[in-house]
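The values are calculated or read from the model by the stated rules, or taken from the named source; none is laboratory data. As the structure is a prediction and not an experimental result, all values here were calculated from the model. Methodologically, a virtual Cβ is constructed for each residue, glycine included, from the backbone with ideal geometry; neighbour enumeration extends over all protein chains shown.
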Amino acid sequence: MSDGLLSEIKAQRRKNTRLLFVTLLISLPLFLILVGKPVEIQVYPVEARAEANIEFITGFGIPLQTQYLVFSDATEFMISSPGFTAEKALYEKSAETSVIEVSLKPLPGLVIVEVDGSANFEIHVPSLGLRSKTRSFQFEAPAGALAIEIDGPNIQKLVKNIEVLGRGLEQIVAVELKEVRGSIALTVVPSHATVSLDSVQVNGEDGRYQFKAAVGDHTINIAADGYVSNVLEVYADESSEVRLDTITLKPKSVQVTLASRPAKATVLIDGKYLGETPLSLSLMPLRDYRYQVRKSGFEPVLGNLEVELGKDIARDIVLAKERYTVNVEVFPASKVILNGVEKGVSSIDLMVSAGDIISAEKAGYATEEFLIPAVKLEDRNIRFRLIEADRKLFVESPDIEEVEGVTLLKLEGRTFGVPDNLRLLMQSYVPDLYVSDTVITAEAYARFSGGDVDGDVGQLPQNKINWQDAALYCNWLSERLALRPFYIFGEVRGVNTISFDQNSNGFRMPTLGEWVVLMSAGSPEKIQMYPWGEKYLDIPRGIGNLAGRELGQYSSATMQHYVDNYAGLSPVKSFRPNALNLYDLVGNVREWLHDAAVENTEYFGAAYGIQHRTLGSSYLGASPEALESIAVGSAIYGADDLGFRVVRTIR
């Protein structure tokens with residue numbers, strides 16, 4: 001083998017050795033990590049953690065910064081820290097957690113009491129049961145608050161309150177004895193009150209105290225639960241006894257809260273008004289108070305408040321409704337029901353309270369109810385007058401309605417005899433109605449049309465409109481009261497149509513029969529030829545705006561024997577109303593009717609018609625035919641002397 005080949009073999013061996021060494025260096029930590037389990041040890045309290053020392057007792061592991069990598073199935077640690085007791089901790093590798101929590105107990109502290117003074121004394125540590133008469137007294141005490149008492153026959157008692165640091169630390173408590181040559185005596189009320197001299201409690205018996213005091217100023221504190229504490233400043237000299245007057249503590253006021261259901265009830269304490277519930281007030285203890293809680297419609301609640309020292313009072317008072325007897329009588333006699341329970345037939349006595357509901361029921365009549373008010377009834381007699389079911393809506397409807405400048409009067413439905421000349425044009429009854437007390441004014445119509453109306457013109461009748469425009473106004477007025485429109489506007493094969501909904505409660509123009517009832521003040525069978533009688537020439541002055549002689553300069557068709565002071569339209573209500581309090585049924589303008597100008601076999605007549613009927617006289621009326629009570633006409637278009645009024649069925 002040549003030297004060159006031998007050198008090459010040696011070099012390769014060195015390279016392999018280095019590679020094996022590097023591989024071991026890399027593999028060993030990985031092996032340890034895979035085989036071992038990291039464990040974190042948390043030391044408490046926090047003060048012990050900074051200087052904690054952790055050692056392995058049994059098992060094998062490696063410290064890794066804040067953790068330990070353990071390999072043994074069970075590893076025991078010893079944890080210690082200066083000032084704390086050492087503790088052992090066992091960790092089993094099979095445990096699910098990887099955290100060990102260790103609490104170290106602080107070592108007791110060393111307390112040294114150093115006493116300065118020549119008088120006899122005794123040191124007493126009550127919590128540890130220690131006593132000593134040595135001037136330098138040493139003892140161990142656990143960390144925390146500690147009271148040390150020093151007392152003797154000729155010294156003022158002292159109490160030293162210290163906070164023991166523990167953890168083996170040394171603390172020196174220096175005490176200077178205060179020799180006493182005087183004393184203080186006092187009596188306190190209540191007898192169980194505690195008395196402290198310069199913050200040190202002294203002993204007494206049955207409220208009488210006598211204790212030694214060093215020469216100088218002192219603070220005496222007297223306290224008891226439920227009382228206002230009293231603090232006295234006294235001076236004790238060396239040769240005498242300080243005897244104080246009896247000291248009586250003042251009780252603390254007690255908070256009293258009164259609530260009621262329902263709230264806002266009146267509260268009286270010992271007969272004096274103090275407010276309404278919920279109420280919070282302060283009362284002095286050690287006495288009884290008489291209270292009353294009152295509310296209209298409820299039974300009063302009376303009771304006693306026994307106010308004790310230091311004990312606040314809260315009362316929640318439930319008021320019962322006040323009950324009393326009422327007599328219920330119903331016409332006609334019917335069943336009487338109280339809060340949904342039948343009680344009998346009227347007349348009947350019932351026991352009631354505020355909020356109760358009494359109702360009366362009878363077949364064919366509308367049920368009536370009465371709510372017992374919160375205020376006690378003075379009149380204990382409750383009377384019902386039942387209304388037939390089909391009349392209830394009418395009876396409860398207001399007598400007058402106002403809508404968009406139109407005043408509507410309630411008119412009760414009725415049956416009547418039909419004049420012979422009208423038998424083919426009207427029915428013999430009218431339903432319950434609301435009727436406008438005048439024809440529709442220009443001001444009222446402008447609210448619908450949006451037109452401008454001067455003040456003087458606003459109260460004139462709206463004229464020059466056709467029947468279709470009047471129907472549109474009626475539907476608009478219905479919508480203002482959320483009523484179902486009466487007139488139905490449609491189109492058939494390109495032709496506009498107008499029909500009606502006879503079951504509607506919306507506004508419409510009156511039928512011929514309804515207008516006759518209005519004109520006759522409710523008695524068509526008594527209607528005369530003319531509104532004023534049977535004779536044309538007997539017309540009284542001021543009955544309405546007709547074609548009097550003041551119209552002569554404008555028209556030859558006038559009545560020279562009549563004067564009304566208007567040559568044209570007059571404002572509505574310019575002349576007296578009829579017995580139904582309706583205006584303008586005589587003169588001023590004729591009125592559109594709902595009826596189509598055909599024979600009428602139904603209440604509302606034909607559904608369609610080109611011409612519609614008109615009724616009444618106008619300011620242009622002068623001939624006997626034009627002034628008749630029932631001057632029936634027809635028209636297609638509007639005219640100077642043609643207006644309309646509105647009605648609606650109450651349903």
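Mind checking whether some residue in the stretch 135-148 is within 30 Å of residue 200 (Cα to Cα), touching a Phe, Trp or Tyr at 6+ places or on another chain (Cβ under 6 Å), among the aliphatic types (A, V, I, L, M) and not assigned by TED's automatic domain parsing to the domain that holds residue 40? No, there is no match, as no residue in the stretch 135-148 is within 30 Å of residue 200 (Cα to Cα), touching a Phe, Trp or Tyr at 6+ places or on another chain (Cβ under 6 Å), among the aliphatic types (A, V, I, L, M) and not assigned by TED's automatic domain parsing to the domain that holds residue 40.
Residue pairs whose Cβ atoms lie under 7 Å apart, sitting 6 or more positions apart in sequence or on different chains, and linking a residue in the stretch 443-467 that is within 25 Å of residue 499 (Cα to Cα) and in contact (Cβ under 8 Å) with a residue 60 or more places away in the chain to a partner that is acidic (Asp, Glu) and surrounded by 16 or more Cβ atoms within 10 Å (Cβ to Cβ), are 463/641. Of all the residues in the stretch 478-510, those that are surrounded by 10 or more Cβ atoms within 10 Å (Cβ to Cβ) and within 23 Å of residue 401 (Cα to Cα) number 18. For residue 384, indicate whether it is under 21 Å from residue 602 (Cα atoms) and either in the same structural domain as residue 572 (by TED's automatic domain parsing) or modelled with pLDDT under 95 (or both). No, not satisfied. For the stretch 518-527, the condition of being more than 23 Å from residue 587 (Cα to Cα) and part of a helix (DSSP H, G or I) holds for none of the residues. Counted as qualifying within the stretch 224-291 are the strands (runs of 3 or more DSSP E) with 1 or more residues that are of a type in the set (Gly, Ala, Ser) and either free of Cβ contacts under 8 Å to residues at least 40 places away in the same chain or surrounded by fewer than 13 Cβ atoms within 10 Å (Cβ to Cβ) (or both), namely 272-276, 279-283. Restricting attention to the stretch 383-425, the residues being within 23 Å of residue 523 (Cα to Cα), touching a Lys or Arg at 6+ places or on another chain (Cβ under 9 Å) and aliphatic (A, V, I, L, M) number 3. Is it the case, given these coordinates, that residue 603 is without any contact (Cβ under 8 Å) to a residue 40 or more places away in the chain, farther than 25 Å from residue 407 by Cβ and out of contact with any strand residue (DSSP E or B) (no Cβ under 6 Å at 6 or more places or on another chain)? In short, no. Identify the residue in the stretch 135-163 that is within 19 Å of residue 179 (Cβ to Cβ) and part of a loop (DSSP other than H, G, I, E, B) and, among all such residues, is nearest to the chain's Cα centre (by Cα). Step by step, filter the stretch 135-163, then rank; the result is 157.
Looking across the stretch 16-48, the residues that are over 18 Å from residue 69 (Cα atoms) and either at pLDDT 75 or above or in the same structural domain as residue 82 (by TED's automatic domain parsing) (or both) come down to 44, 45, 46, 47, 48.
Scanning the stretch 164-195 for residues that are surrounded by 15 or more Cβ atoms within 10 Å (Cβ to Cβ), among the hydroxyl-bearing types (Ser, Thr, Tyr) and not in a strand (DSSP E or B) yields a count of 0.
The residues in the stretch 79-108 that are in a loop (DSSP other than H, G, I, E, B), in contact (Cβ under 8 Å) with a residue 24 or more places away in the chain, under 13 Å from residue 52 (Cα atoms) and among the hydrophobic types (A, V, I, L, M, F, W, C) can be counted, and the count is 1.
All of 423, 383 fail the test of being of a type in the set (D, E, K, R) and within 24 Å of residue 513 (Cβ to Cβ), apart from 423. Has the stretch 501-512 got at least one residue that is closer than 22 Å to residue 611 by Cβ, assigned to a helix (DSSP H, G or I) and in the same structural domain as residue 639 (by TED's automatic domain parsing)? Yes, there is a match, as at least one residue in the stretch 501-512 is closer than 22 Å to residue 611 by Cβ, assigned to a helix (DSSP H, G or I) and in the same structural domain as residue 639 (by TED's automatic domain parsing).
Determine whether residue 76 is assigned to a strand (DSSP E or B), without any contact (Cβ under 8 Å) to a residue 60 or more places away in the chain and not basic (Lys, Arg).
yes
Among the candidates 86, 95, 74, 52, the residue that is out of contact with any strand residue (DSSP E or B) (no Cβ under 7 Å at 6 or more places or on another chain), at pLDDT 75 or above, small (Gly, Ala, Ser) and outside the structural domain of residue 142 (by TED's automatic domain parsing) is uniquely 95.
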